[in-house]
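Comments concern the structure below.
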Amino acid sequence: MFDIFLVAAPGLENTLREEAAARGFTNPVVTAGGVTVQGDWAEVWRANLQMRGAGRVLARIGEFRAFHLAQLDKRSRKFPWGDVLRADVPVKVEAICKASKIYHAGAAIQRVEKALVEELGATIAADAPIRLKLRIDDNLCTFSVDTSGESLHKRGHKEAVGKAPMRENLAAMFLRECGYNGSEPLVDPMCGSGTFVIEAAEMAAGLHAGRSRGFAFEQLATFDAARWAAMRADQPATLPSVRFFGSDRDDGAIRMSIANAARAGVAECTQFTRAAVSDVQRPDGPPGLVIVNPPYGARIGDKKLLFAVYGALGKTLLERFKGWRVGMVTSDNGLAKSSGLPFKPAGPPVSFGGLKVKLFQTDALR
């Protein structure tokens with residue numbers, strides 16, 4: 001058992017902790033930048049495969065104290081690198097120094113790289129598939145391996161994206177903050193490339209988030225291909241009893257969404273149609289969740305023109321979606337207010353694309 005660190009988008013740490021607890025990870029605790037759980041290497045694999053809200057999964061492989069570079073050099077040479085790293089897989093070393101006598105990250109990286117080359121026989125490369133992270137904080141040197149590789153928001157089945165797309169891991173966290181669990185229908189009236197709709201459909205179907213991609217941990221000495229294959233195959237997916245709807249005024253967005261849903265394996269339960277926000281209709285059946293990530297001035301286009309768009313969206317929802325809850329992600333309080341929707345106090349600011357966005361929510365519309 002060792003510490004496994006799940007990287008969260010700033011502002012969504014508590015929501016990620018809730019997901020980790022719901023998925024049965026041991027002792028999830030919010031720490032700066034994410035959530036720490038305990039587990040073995042199989043739990044590292046499971047976190048990469050199942051966690052929808054994490055950006056990365058880091059495995060903490062050991063630590064020691066070092067008060068100067070010579071000590072870092074000596075102890076790095078004695079570190080059991082071969083227990084985790086393979087000599088035939090190139091490594092990139094990254095370092096952060098904080099409140100320590102070793103304050104030069106570049107010098108620290110050089111010492112660790114030299115130890116890896118001379119003791120393990122590893123190759124150092126800028127584009128290496130394995131990233132070893134060293135954090136020196138209060139003279140404590142902690143080593144972690146990035147077990148994910150590419151960011152986990154890259155699910156592996158979404159090839160087409162629109163302008164300023166919502167990242168899948170953020171969409172999953174915003175859905176969770178809306179209390180969404182896949183048991184009710186969902187509508188996104190400005191769906192772009194379909195992220196919210198597809199993410200909700202996957203959740204409802206019980207599909208693993210990382211089922212379509214590879215991970216860096218597959219190139220570590222700790223990897224067991226047979227156990228990993230069995231874990232990936234253990235996926236009792238079902239066809240959801242509800243449907244998921246997306247619309248957009250752009251034909252290209254609808255084509256992208258349909259193609260992405262097909263690659264994700266949720267085409268049967270999703271529906272995408274071309275429509276302006278003022279033409280969006282409530283689907284037949286029980287009420288559910290409307291979730292939308294409209295354009296905001298700093299992100300797309302002229303902000304002044306957007307007040308009318310938000311107003312039209314709010315008018316449509318208030319008139320046609322009684323009984324439905326609404327979640328809106330935007331960076332601008334004024335734009336949210338211009339919708340006329342009865343929002344509760346907004347959630348905490350979340351970093352997204354260099355901006356701070358918030359999730360605005362309503363109760364069931366009346």
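The values are calculated or read from the model by the stated rules, or taken from the named source; none is laboratory data. Computed from a predicted structure; not experimentally measured. FYI the Cβ positions are ideal-geometry reconstructions off the backbone, even for glycines, and counts take in every protein chain you see. Only protein heavy atoms, including side chains, enter the accessible area calculation; ligands, DNA and RNA are left aside. Shrake-Rupley method; radii C 1.70, N 1.55, O 1.52, S 1.80 Å.
Roughly to the nearest percent, how much of the accessible area of the range 107-201 is carbon and sulfur, given a 1.4 Å probe?
Carbon plus sulfur share of accessible area: 44 percent.
Cα to Cα, under 19 Å, and not fewer than 8 places away if on the same chain: which lysines meet these conditions relative to K74?
Excluding near neighbours in sequence, the set is K101, K114, K133.
Starting from the Cα-Cα distance between R274 and K304, subtract it from 0.36 nm times their residue separation and give me the gain in nm to one decimal.
So the extension gain works out to 8.4 nm.
Set the Förster distance to 56 Å, then compute FRET efficiency between K114 and A364 from the Cβ-Cβ distance, nearest 0.05.
Efficiency computed from Cβ-Cβ geometry: 0.35.
Using only protein heavy atoms and a 1.4 Å probe, report how much of T238 is accessible, in Å² to the nearest 10.
80 Å²
How much accessible surface does H104 have with a 1.4 Å probe, in Å² rounded to 10?
110 Å²
Could you give each residue of the range 105-113 its phi-based ³J(HN,Hα) in whole Hz, using Karplus coefficients 6.51, -1.76, 1.60 with θ = phi - 60°, and x for Gly or Pro?
4, x, 5, 5, 4, 4, 5, 5, 4
Go through F307, S257, S247 and say which Cα lies farthest out towards the positive end of the charge dipole of the range 223-366; charges sit on Cβ, +1 for Lys and Arg, -1 for Asp and Glu.
Towards the positive end, the residue furthest out is F307.
Using alpha carbon coordinates only, what is the Rg to Rh ratio of the range 152-269, with Rh defined as the Kirkwood radius?
Across the range 152-269, the Cα-based Rg/Rh ratio is 1.00.
With a ≥ b ≥ c taken as the square roots of the eigenvalues of the C-alpha gyration tensor of the range 254-335, please select rounded if a/c is under 1.5 and otherwise prolate if a/b is larger than b/c or oblate if it is not?
Note, shape of the range 254-335 comes out oblate.
If R0 is 51 Å, what FRET efficiency do you get for L140 and N333 from their C-beta distance, rounded to 0.05?
0.80
What does the charge dipole of the range 1-45 about its Cα centre add up to, to the nearest 20 debye, if the Cβ of each Lys and Arg holds +1 and the Cβ of each Asp and Glu holds -1?
It comes to approximately 60 debye.
Between the helical axis of 168-177 and the dominant principal axis of the chain, each derived from Cα atoms, what acute angle in degrees is found, rounded to the nearest 10?
The angle comes out at about 60 degrees.
Using the heavy atoms of the protein chains alone and a 1.4 angstrom probe, what is the accessible area of the range 170-233 per residue in square angstrom?
29 Å²
For a 29 Å ceiling on Cα separation, which of these pairs sit above it: K315/K344; K92/K356; K98/K356; K304/K356; K154/K356; K158/K344?
Listed pairs above 29 Å: K92/K356; K158/K344.
Which of F79, F64, A32 sits closest to the plus end of the dipole of the chain, meaning its Cα is farthest towards the positive end, when Lys and Arg get +1 and Asp and Glu get -1 on the C-beta?
Farthest towards the positive pole: A32.
May I ask which residue of L152, A105, L120 lies farthest towards the positive end of the charge dipole of the chain, with charges of +1 (Lys, Arg) and -1 (Asp, Glu) on Cβ and the Cα centre as origin?
Comparing the listed Cα positions along the dipole, A105 ranks first.
Which value, in Å², gives the accessible area per residue of the range 22-88 when a 1.4 Å probe is used on the protein heavy atoms?
Solvent-accessible surface per residue comes out at 42 Å².
Within the chain, what percent of beta bridges assigned by DSSP are antiparallel, to the nearest 5?
60 percent
How many angstrom separate the Cα center of the range 148-218 from the Cα center of the range 1-78?
Here the two parts' Cα centres lie 22 Å apart.
Per residue, how big is the convex hull around the C-alpha atoms of the range 90-195? Give it to me in cubic angstrom, could you?
Cα convex hull per residue, to the nearest whole number: 177 Å³.
Looking at the range 93-230, send over the antiparallel percent of its DSSP beta bridges, to the nearest 5.
Roughly 55 percent of the beta bridges in the range 93-230 run antiparallel, per DSSP.
Run the dipole for the range 143-234 about the Cα centre, Lys and Arg Cβ at +1, Asp and Glu Cβ at -1, nothing else charged, and hand back the magnitude in debye, nearest 20.
So the magnitude is around 140 debye.
Ignoring the sites themselves, what is the longest stretch of the chain with no GluC sites (Glu not before Pro) in a DSSP loop and at most 16 other beta-carbon atoms within 10 Å?
160-366
Mind checking Rg over Rh on the range 60-128, alpha carbons, Kirkwood formula for Rh?
Using only Cα positions, Rg/Rh for the range 60-128 is 0.95.
Decide, for the range 201-254, between rounded, prolate and oblate: order the square roots of the alpha carbon gyration tensor eigenvalues as a ≥ b ≥ c, take rounded if a/c falls under 1.5, and otherwise choose prolate if a/b is larger than b/c, else oblate.
Oblate is the answer for the range 201-254, as a/c is 1.5 or above yet b/c matches or exceeds a/b.
Relative to the Cα centre, what is the charge dipole magnitude of the chain, using +1 at the beta carbon of each Lys and Arg, -1 at the beta carbon of each Asp and Glu, and rounding to the nearest 20 debye?
700 debye
Please list the equivalent ellipsoid semi-axes of the chain, computed as the square roots of five times the alpha-carbon gyration tensor eigenvalues, in descending order and whole angstrom.
So the equivalent ellipsoid measures 42, 22, 17 Å along its semi-axes.
Find, among the trypsin sites (Lys or Arg not before Pro) in the range 90-196, those assigned to loop by DSSP (not H, G, I, E, B) with at most 14 other beta-carbon atoms within 10 angstrom.
K101, K163
Multiplying the sequence separation of R23 and S183 by 0.36 nm and subtracting their Cα-Cα distance, what value in nm do you get?
55.9 nm
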